[in-house]
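One structure below.
What follows is calculated from the coordinates using simple rules that are stated; it is not laboratory data. From a predicted model like this one, the values you see are computed outputs, not experimental measurements. Heads up, the Cβs are rebuilt from the backbone with ideal geometry, glycines too, and the neighbour counts pull from every protein chain shown.
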Amino acid sequence: MTDIVEKNKIVAVAYTLLDEKGGVFEYTDLPVSYLHGSGRDLFDKIEVALNGHKVGDTVEVTLTPAEGFGEHDADLTFTDSLDNVPA
């Protein structure tokens with residue numbers, strides 16, 4: 001068994017997401033697992049970047065809006081009170 005990231009392997013990744021200015025807006029304390037090559041769990045560019053890497057490698061990927069969720073659409077954003085969020 002090898003520790004190389006390749007199709008049909010369960011891979012665990014810890015990640016940090018940065019905004020355009022380099023500020024952290026999300027990170028994982030514990031690794032998140034996914035099935036590599038399934039095309040369901042990660043954006044394609046991230047899977048391509050991880051392919052062939054091994055345990056312990058650090059990989060940096062920059063996504064454009066088109067490679068992620070798309071451009072921000074203010075019409076799809078709303079603000080509500082936390083009182084309206086279920087506990």
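Per-structure values
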{"quantity": "Antiparallel bridges, percent of DSSP beta bridges restricted to the chain (to nearest 5)", "calculated": "100 percent"}
{"quantity": "Quotient of C-alpha Rg and 2.2 N^0.38 Å, computed over the chain", "calculated": "1.35"}
{"quantity": "Neighbour cut-off at most 12 other Cβ (10 Å), DSSP loop, trypsin sites (Lys or Arg not before Pro), region 1-60", "calculated": "7, 21, 40"}
{"quantity": "Simple spin-label estimate for residue 62 and residue 2 in nanometres, 7 Å along Cα-Cβ", "calculated": "3.0 nm"}
